[in-house]
Amino acid sequence: MKKTFKLENLDCANCAAKIEDAIKKVDGVKDANVNFVAQKMTIEAENDNFEATFNKVKATIKKVESSVTVVEGKTLDGKQKKHLQRILLAMAFFVGALVLPIAETTEIILFLIAYVIIGSDIIWKALKNIRRGQVFDENFLMTIATIGALILGEYAEGVAVMLFYQVGEWFQAYAVNKSRKSISDLMDIRPDFANVLRDDKLIQVDPEEVKVNDIIVVKPGERVPLDGIVTEGYSSLDTSALTGESVPREVQTGHEVISGCINQSGILNIKVSKEFGESTVAKILDLVENASNKKSQNENFITKFARYYTPLVVFAAVLLATLPPLITGAEFATWVHRALVFLVISCPCALVISVPLSFFGGIGGASKSGVLVKGSNYLEALAATEIVVFDKTGTLTKGSFTVTEIKTTDFAKEDLLELAAYAEDYSNHPISVSIKNAYGKKINTTRISDMKEFPGQGVKAHIDDKIVLVGNAKLMKAAEIKISDNIPEGTVIHVAVNNKYAGFMVIEDKVKADALQAIADLKALGIQKLVMLTGDMDAVGQKVAKELKLDKAYTELLPADKVNKMEELLKQTSHSGKLVFVGDGINDAPVLARADIGIAMGGLGSDAAIEAADIVIMTDEPSKISTAIQISKKTLGIVRQNIILALGIKGVVLVLGALGYASMWAAVFADVGVSVIAILNAIRALNVTEFNPEIKERKTDLQTA
């Protein structure tokens, strides 16, 4: 059993890592994940007695972080406002001690009052954590550093450092909450209510109370609350929240609609086809909210790094405070002060917060573009893509056949098409449907008799007084009918009337208008190899590959053959390179699973597509693949910037602190100041949806070449 809970007052990323590590060790817990950015905890229990396990987890959290509370649902937290009030009050006493013409004793008293106001909660947390054996955290570091400064008589500096630290913490909380709200607003597609038609009256209810086959009414400006089929009305739907597309989608009676879209014009009556828990909007929200549970390599590295880094720096500070005075005879006060500065610098918050926040922002930005990424690990891996492998039908082509050419002998084209359509009337094969669609008229079934189907070849039927054969070359050969010598490439359907060859039709699965753009974009991004795998005939597959300028096409493949080809292609990637497979998410499950990253196309309303792949493109546009890769690269770039920024500044200030050139102020900037900068940089990942101008230029060159 797996459940997710809200963690109230989870304001420290390092604390989140400690909580996750602790609850994973609780008896009965199979796996656990603490998402600092989303303030959520997911627990998977080993047995059915979840309640007992959950009680142990809550007790463990209280031991590790007493201020963190496990709750169900959303909670309001006025902590930030109270925090600001304490900062302002402490600042008033601090400034008074600095500027008022008062006695030294009074000045010290004002400094101490300011310190108690601004630092008491930090000291209290440090003492409680020490009692629980959780010594090496930011509360301990700030307590030791500032109390040490007070003992050394540096009252102004001790109070100022704690004050500056708390101001930095307030800005840090503000930045994190701002990013949380940005992501929350971005995914605010959950409908608030549904208008259900009951006994000819409209009743406003919660979407979760609506049942399958209920009729709901969606007025202009309202969000479609559940998936269903339009039974009455005509309107245009804004699908941008789901697909990233600004062009509205026209719908009318008989059309399927999905939850999360906004009705722009007419009133729609919709027959509900899925309960809210199974609806598109519910699945999308679940995917995005839980995407951070699958952590990237960078996140896992930072979590482990922080676990060992802080204790090592503390021991280094102890050595810095004791060894030089013992060896050189220098004053202890000087080196203790340097050690205290060293301690303040050591907190790894800038890394522990900004790295997961960057990935969460990247996932949110991708969602805004209509690309659902199921985990930070997949977003990170996408940046290393070297080979992209495509399925053909439904991915690069439309997946719907069309009659594109008709050639006849002694028959008029209209007559040939009519006979073929009548012969195919009883078949629902996609090719048969395309012939009937091309004919476009109502079929009089009384004219048809003695219909017989030949699997893998075609059909035979009596139409009026004629015997009509419609099928491939195998059917004609079996009937000993000689076909035309000039047969074009593609899917060709031959027609014979009364054992005499009458002509043929060329049926094609048209390439998507967006497919050529997609291939050009991927080449511009530097993808090394673009390959197509298809079970279609070689002539058809090679024609599509040539039209799209793919590097290689493997045709006439059975499902097992596709997996074997995938294995061969995986060997062609470098040690760190990744292979991406793009399919429809329904028929390509084995290949999607074998690829490093599986991308499902056209997930809009497709349960199978959403379930099958690591990444889901909500529209039917292959060009979104390059958008996803760009978002991945930009997000990873932001992550690396934050790692270099945090480690670089900390490293420099650590050295300066050890040599006596860095003050407490510089130390706090290296801790809190860098954290705020890194968080603000991480928030940029929310807006990585624009196409790179350099790629546009290279793409233009490719298209004109």
Screening ILE258, ILE262 for residues that are in contact with a strand residue (DSSP E or B) (Cβ under 6 Å, 6 or more places away or on another chain), more than 30 Å from GLY660 (Cβ to Cβ) and modelled with pLDDT of 85 or more leaves only ILE262
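Would you call LEU237 buried (at least 16 other Cβ atoms within 10 Å of the Cβ), among the hydrophobic types (A, V, I, L, M, F, W, C) and not in a loop (DSSP other than H, G, I, E, B)?
Numbers: buried (at least 16 other Cβ atoms within 10 Å of the Cβ): yes; among the hydrophobic types (A, V, I, L, M, F, W, C): yes; not in a loop (DSSP other than H, G, I, E, B): yes.
Taking the combined requirement at face value, the residue satisfies it.
Can you pull out every residue in the range 261-286 that is within 10 Å of LEU226 (Cα to Cα), assigned to a loop (DSSP other than H, G, I, E, B), open to solvent by less than 30 Å² (accessible area, probe 1.4 Å) and not hydrophobic (A, V, I, L, M, F, W, C)? Spell out how you get there, then give the answer.
Of the range 261-286, the ones within 10 Å of LEU226 (Cα to Cα) are 261, 270-282.
So of that shortlist, the ones also assigned to a loop (DSSP other than H, G, I, E, B) come out as 261, 273-275, 279.
Going one step further and asking which of them are open to solvent by less than 30 Å² (accessible area, probe 1.4 Å), we end up with 261, 279.
Across the range 261-286, the qualifying residue is only SER279.
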Residue count, the range 603-635, condition at pLDDT 85 or above and either open to solvent by less than 10 Å² (accessible area, probe 1.4 Å) or not in a helix (DSSP H, G or I) (or both), comes to 14
When restricted to GLU405, GLU414, GLU418, the only residue more than 35 Å from the chain's Cα centre (by Cα) and either hydroxyl-bearing (Ser, Thr, Tyr) or closer than 27 Å to ALA513 by Cα (or both) is GLU405
Picking from ILE117, ILE109, the residue that is open to solvent by 60 Å² or more (accessible area, probe 1.4 Å), hydrophobic (A, V, I, L, M, F, W, C), without any contact (Cβ under 8 Å) to a residue 40 or more places away in the chain and part of a helix (DSSP H, G or I) would be ILE109
Worksheet item: Quick check: anything in the range 470-489 farther than 24 Å from GLU405 by Cβ and of a type in the set (Lys, Arg)?
Response: no
Reported set for the range 542-556 where residues are touching a Leu at 6+ places or on another chain (Cβ under 6 Å) and within 11 Å of LYS529 (Cα to Cα) is LEU550, ASP551
Pairs returned, first residue in the range 144-170 that is under 12 Å from PHE669 (Cα atoms), second residue that is in a helix (DSSP H, G or I) and of a type in the set (D, E, K, R), beta-carbon separation under 6 angstrom, 6 or more apart or interchain, are none
Restricted to the range 382-395 and to residues being at pLDDT below 90 and in contact with a helix residue (DSSP H, G or I) (Cβ under 9 Å, 6 or more places away or on another chain), the residue nearest to LEU592 (Cα to Cα) is ASP391
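Looking at the range 479-537 only, could you name the residues that are among the β-branched types (Val, Ile, Thr), assigned to a loop (DSSP other than H, G, I, E, B) and either over 30 Å from LEU579 (Cβ atoms) or open to solvent by 50 Å² or more (accessible area, probe 1.4 Å) (or both)?
Let us first name the residues in the range 479-537 that are among the β-branched types (Val, Ile, Thr), namely 481, 483, 487, 491-493, 495, 497, 506-507, 511, 519, 527, 531, 534.
Pick out the ones that are also assigned to a loop (DSSP other than H, G, I, E, B) and you get 481, 483, 487, 527, 534.
ILE481, ILE483, ILE487 - these are the residues of the range 479-537 that are among the β-branched types (Val, Ile, Thr), assigned to a loop (DSSP other than H, G, I, E, B) and either over 30 Å from LEU579 (Cβ atoms) or open to solvent by 50 Å² or more (accessible area, probe 1.4 Å) (or both).
Yes/no per residue for (1) at pLDDT 90 or above; (2) of a type in the set (S, T, N, Q); (3) under 46 Å from the mean Cα position of the chain (by Cα); (4) loosely packed, with under 14 Cβ neighbours inside 10 Å:
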{"position": "ILE431", "(1), (2), (3), (4)": "no, no, yes, no"}
{"position": "LYS442", "(1), (2), (3), (4)": "yes, no, no, yes"}
{"position": "LYS452", "(1), (2), (3), (4)": "no, no, no, yes"}
{"position": "GLN457", "(1), (2), (3), (4)": "no, yes, yes, no"}
{"position": "LYS460", "(1), (2), (3), (4)": "yes, no, no, no"}
{"position": "VAL470", "(1), (2), (3), (4)": "yes, no, no, no"}
{"position": "MET476", "(1), (2), (3), (4)": "yes, no, no, no"}
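Out of the residues in the range 658-682 that are open to solvent by 10 Å² or more (accessible area, probe 1.4 Å) and aliphatic (A, V, I, L, M), which is farthest from PRO325 (Cα to Cα)?
Of the range 658-682, the ones open to solvent by 10 Å² or more (accessible area, probe 1.4 Å) are 658-663, 665-666, 669, 673, 676-677, 680-681.
Filter once more, keeping what is aliphatic (A, V, I, L, M): 658-659, 662, 666, 676-677, 680.
Values: ALA658: 13, LEU659: 13, ALA662: 19, ALA666: 24, VAL676: 36, ILE677: 36, LEU680: 41 Å.
Across the range 658-682, the extreme among qualifying residues is LEU680.
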At pLDDT below 80, assigned to a helix (DSSP H, G or I) and more than 30 Å from the chain's Cα centre (by Cα): does that describe LYS63? no
Expected output for the range 642-661 (first residue on the phi > 0 side of the Ramachandran plot, partner surrounded by 12 or more Cβ atoms within 10 Å (Cβ to Cβ), Cβ below 7 Å, 6+ apart or cross-chain) is GLY660/ARG338
If we ask which residues in the range 129-152 are open to solvent by less than 40 Å² (accessible area, probe 1.4 Å) and not in a loop (DSSP other than H, G, I, E, B), their number turns out to be 12
Polar (S, T, N, Q) and over 21 Å from GLY399 (Cα atoms) - does that describe any residue in the range 422-444?
-> yes
Those residues of the range 404-414 which are among the charged types (D, E, K, R) and either surrounded by fewer than 14 Cβ atoms within 10 Å (Cβ to Cβ) or in contact with a Leu (Cβ under 7 Å, 6 or more places away or on another chain) (or both) amount to GLU405, ASP410, LYS413, GLU414
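Looking at PHE390, PHE401 in this structure, which one is crowded, with 17+ Cβ neighbours inside 10 Å, under 30 Å from SER623 (Cα atoms) and in contact with a Pro (Cβ under 6 Å, 6 or more places away or on another chain)?
Values: PHE390 fails: in contact with a Pro (Cβ under 6 Å, 6 or more places away or on another chain).
Exactly one of PHE390, PHE401 is crowded, with 17+ Cβ neighbours inside 10 Å, under 30 Å from SER623 (Cα atoms) and in contact with a Pro (Cβ under 6 Å, 6 or more places away or on another chain), namely PHE401.
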Among (1) open to solvent by 10 Å² or more (accessible area, probe 1.4 Å); (2) touching a strand residue (DSSP E or B) at 6+ places or on another chain (Cβ under 9 Å), GLU331 falls short only on (2)
Only one of (1) in contact with a helix residue (DSSP H, G or I) (Cβ under 6 Å, 6 or more places away or on another chain); (2) modelled with pLDDT of 90 or more does not apply to ILE203, and that is (1)
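Of all the residues that make up the range 373-428, how many are part of a loop (DSSP other than H, G, I, E, B) and either in contact (Cβ under 8 Å) with a residue 40 or more places away in the chain or touching a Cys at 6+ places or on another chain (Cβ under 7 Å) (or both)? I'd like the intermediate steps shown before the answer.
Residues of the range 373-428 part of a loop (DSSP other than H, G, I, E, B): 374-375, 383-384, 392, 394-396, 409-412, 424-428.
Restricting the remaining residues to those that are either in contact (Cβ under 8 Å) with a residue 40 or more places away in the chain or touching a Cys at 6+ places or on another chain (Cβ under 7 Å) (or both) gives 374-375, 383-384, 392, 394-396, 409-411, 424.
Counting residues in the range 373-428 that are part of a loop (DSSP other than H, G, I, E, B) and either in contact (Cβ under 8 Å) with a residue 40 or more places away in the chain or touching a Cys at 6+ places or on another chain (Cβ under 7 Å) (or both) gives 12.
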Note on VAL540: of the conditions (1) assigned to a helix (DSSP H, G or I); (2) touching a residue at least 60 places away in the same chain (Cβ under 8 Å), unmet is (2)
The correct count of residues that are under 27 Å from the mean Cα position of the chain (by Cα) and in a helix (DSSP H, G or I) in the range 563-592 is 9
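Test of understanding: among ILE599, ILE643, which residue is closer than 30 Å to ASN687 by Cβ, modelled with pLDDT of 80 or more and not in a helix (DSSP H, G or I)? Can you show your working first?
Values: ILE643 fails: not in a helix (DSSP H, G or I).
That would be ILE599, the only listed residue that is closer than 30 Å to ASN687 by Cβ, modelled with pLDDT of 80 or more and not in a helix (DSSP H, G or I).
Has the range 455-467 got at least one residue that is outside any strand (DSSP E or B) and closer than 12 Å to ILE493 by Cβ?
Residues of the range 455-467 that are outside any strand (DSSP E or B), as a first pass: 455-457, 464-465.
Still in the running and closer than 12 Å to ILE493 by Cβ: 457.
Yes: the range 455-467 contains one or more residues that are outside any strand (DSSP E or B) and closer than 12 Å to ILE493 by Cβ.
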Pairing a residue in the range 67-85 that is closer than 23 Å to GLU20 by Cα and among the β-branched types (Val, Ile, Thr) with any residue that is surrounded by fewer than 16 Cβ atoms within 10 Å (Cβ to Cβ) and at pLDDT below 75, where Cβ atoms lie under 9 Å and the two sit 6 or more apart in sequence or on different chains, gives THR69/THR75
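The values are calculated or read from the model by the stated rules, or taken from the named source; none is laboratory data. Values in this document were obtained by computation on a predicted structure and should not be read as measured data. FYI the Cβ positions are ideal-geometry reconstructions off the backbone, even for glycines, and counts take in every protein chain you see. Heads up: the accessible areas ignore ligands, DNA and RNA and are worked out on the full protein's heavy atoms, side chains in. Shrake-Rupley method; radii C 1.70, N 1.55, O 1.52, S 1.80 Å.
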